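One structure is given below, encoded as structure tokens.
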Amino acid sequence: MSLRNRILLALICTAVLSCAGQENASTLRAQTDLVLIPTHVRLHGKHLSGLSKEDFSVLQDGQLQRISVFEEVRPSSEKLRPASVAPGEFTNSLVTDPKVSRYVVIAIDRINTTAMDMNRLRDALSGFLARIASSDEPIGLIAINPHTVEVVHDFTSDPKVLKTALDRNRTPAGKLRYDSNWLDETLDEIGSANTSGVKEREQAMVQFQERSNRISSLEALQRIALSLSGLPGHKSLLWVSSGYPFASLFKADRNTRDSSNVKFTPENAPEALGLDEYTMHLLNTANIAVYPVDARSPSNSAWSYMDPSLQRPERSNEAERLRDQDVAATFEHLAASTGGKPCYSRADMASCLEEALEDAREYYVLGYYIDRSKVKSGWHKLQVKVVGQKAAVRARSGFLFSDESPDFTKATDMRLAVNSRLAEVELPFLGRWTEISRNGDKRVIEVELKVPGTTELISSSSRILNLEVAAVARNPDGTIAGQFGQHIERDIPSEQIEEIQKSGITYKNKLELRPGRYLVRIVLRDNKTARLGSVSTPLTVN
């Protein structure tokens, strides 16, 4: 196995989900974790139904595991509904039915998708929405921009509404990728020996752009994972993109015309590995399967390499071929790590989207318990088999087990949530604004947040309240007008626990703002469980 493949293989991981057993729950949480594995079983392209627990086998690191949780899932398409609030109030709470567990999100990648590919992407999405006009599927539409993830339209079962939202949302695509072919050709024509500095600067520019796109893409996926983590059940994320190289691990030697002289450059690997590991952890903890859909026009880089009409230097064709392979590896890795399915080099992009939609309608969920004291931190390989069936089985390829405290990722989680526009709903709260005084030309605005007792922030066995709270008020141009942040850690007296469990927790803080219109981002985090709650709410100060 090549070094490149070993690096990619080492990243394929999922998350260990905390046990929520009904009997002896506190004992189970203290000693064991439940590994949940959404699994697709298909025969001749269709879901194979009617299988029992005995038809499956699950192996962890090659060792057979005892399946404790088994269910064939046919989720409802019933929509989520935001909780109703009184005038002047805001909330991130959702009113859901326990049966609601099918969520499909289409993410339009504007970071990596060129302008021409974006036109193809829009045509494919329009065709896809027309083909599912009567399917009654709850689908959400978002756009991944260089610095934000934008909600184009919330979940709706009316594809016509999504089509209208898509047509209205015409924010330009990201910049065209930096194409180095023109510089190769120019340098060949010049034939100067004093071009090494130009070549080095060009290579640095390409690697800088690829690194920037990779970081922005992974952080966008992290924000999406945090936003969807509070929704029950399995989620499907259809990431429509032109893709990005996994780590810019390869580059051609531009000082020679020998196309075979392509060097492996691992200097970007550590950063790529760390970002990717955390992204996969969040996606799998949120129970999200990623379906990468290639927005590029199908092409054969091998044919381009041989096509004399292109008139490109040989080393440029080789570099382009390697980049295409690296992008395809990114698609395959995202899908394999989360249990999704990649789709690239296909002319009918709409059919790729339909296949992902079909996956969400029927699947199996398998689960087994692990003893925390006997499992080492790190990546553990998973393999799911169906006994006695010639069916295609697709599931997550492994899980990442860590004995780190949830407090370990506090700073990263808060930064992602504060700078996001998506609502996190795992920790629900209700808020309201009140003007309480004036300070010169500024108004002192009090915000009151109430977290219901059902959130289990404290209990008789865990009396420590450990919260992170932040609020950022932004002007219409995006600049910060006011903010606050606070860490709360208290040992709650036993006599107050029952009242808190009944009535919840109330938090108050203040912002000083001049008259005007603002968008305020409010984030709460339970540092004991890493649950997040957030909302972006408009505020008008008179």
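The values are calculated or read from the model by the stated rules, or taken from the named source; none is laboratory data. Since we're looking at a predicted model, the values are computed, not measured. We place every Cβ from the backbone using ideal geometry, glycine too, and count neighbours over all the protein chains shown.
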* Select, from Leu64, Leu141, Leu129, the only residue that is of a type outside the set (Ser, Thr, Tyr), outside the structural domain of Glu446 (by TED's automatic domain parsing) and in contact with a Lys or Arg (Cβ under 7 Å, 6 or more places away or on another chain). => Leu129
* Asked: When you look at Val444, is it over 25 Å from Ser93 (Cβ atoms), at pLDDT 90 or above and touching a Lys or Arg at 6+ places or on another chain (Cβ under 7 Å), yes or no?
  -> yes
* **Scope region 522-534; condition more than 18 Å from the chain's Cα centre (by Cα) and of a type in the set (A, V, I, L, M); matching residues** => Ile522, Val523, Leu524
* strands (runs of 3 or more DSSP E) fully within region 318-411 counting 1 or more residues that are within 17 Å of Leu34 (Cα to Cα) and in contact with a Gly (Cβ under 7 Å, 6 or more places away or on another chain) -> 378-386, 392-395, 398-401
* **Arg421 being under 30 Å from Ser84 (Cβ atoms) and part of a loop (DSSP other than H, G, I, E, B)** => yes
* Asked: Yes or no: Val105 farther than 23 Å from Tyr363 by Cα, among the hydrophobic types (A, V, I, L, M, F, W, C) and either at pLDDT below 90 or touching a strand residue (DSSP E or B) at 6+ places or on another chain (Cβ under 7 Å) (or both)?
  -> no
* Pairs with Cβ under 6 Å, 6+ apart, first in region 434-446 and in the same structural domain as Arg514 (by TED's automatic domain parsing), second hydroxyl-bearing (Ser, Thr, Tyr) and part of a strand (DSSP E or B) -> Val444/Ser437; Glu446/Thr434
* Structure fact -> Of the conditions (1) within 25 Å of Lys410 (Cα to Cα); (2) surrounded by fewer than 17 Cβ atoms within 10 Å (Cβ to Cβ), the single one that Ile492 does not satisfy is (2)
* Can you find even one residue in region 472-491 that is in contact with a Phe, Trp or Tyr (Cβ under 9 Å, 6 or more places away or on another chain), under 26 Å from Ala83 (Cα atoms) and of a type in the set (A, V, I, L, M)? -> yes
* To do: Could you tell me whether region 434-446 includes any residue that is buried (at least 17 other Cβ atoms within 10 Å of the Cβ) and not small (Gly, Ala, Ser)?
  => yes
* Restricting to region 74-96, what's the tally of residues that are surrounded by fewer than 17 Cβ atoms within 10 Å (Cβ to Cβ), of a type in the set (Val, Ile, Thr) and at pLDDT 90 or above? -> 1
* **Breaking point among (1) surrounded by 13 or more Cβ atoms within 10 Å (Cβ to Cβ); (2) in contact (Cβ under 8 Å) with a residue 60 or more places away in the chain, for Ser49** => (1)
* With respect to Thr434, is the statement that it is among the β-branched types (Val, Ile, Thr), more than 25 Å from Val149 (Cα to Cα) and outside any strand (DSSP E or B) true? -> no
* Can you tell me which residue among Arg490, Arg517 is in the same structural domain as Met414 (by TED's automatic domain parsing), over 21 Å from Gly533 (Cβ atoms), among the charged types (D, E, K, R) and not in a helix (DSSP H, G or I)? => Arg517
* Would you check which residues across region 522-536 are in a strand (DSSP E or B) and either out of contact with any strand residue (DSSP E or B) (no Cβ under 6 Å at 6 or more places or on another chain) or surrounded by fewer than 20 Cβ atoms within 10 Å (Cβ to Cβ) (or both) and list them? => Asp526, Arg531, Ser536
* Consider only pairs whose beta carbons are under 6 Å apart and that are at least six residues apart or on different chains; among these, list those whose first residue lies in region 388-415 and is within 30 Å of Phe484 (Cα to Cα) and loosely packed, with under 15 Cβ neighbours inside 10 Å and whose second residue is at pLDDT 90 or above and of a type outside the set (A, V, I, L, M, F, W, C). => Asp407/Asn527
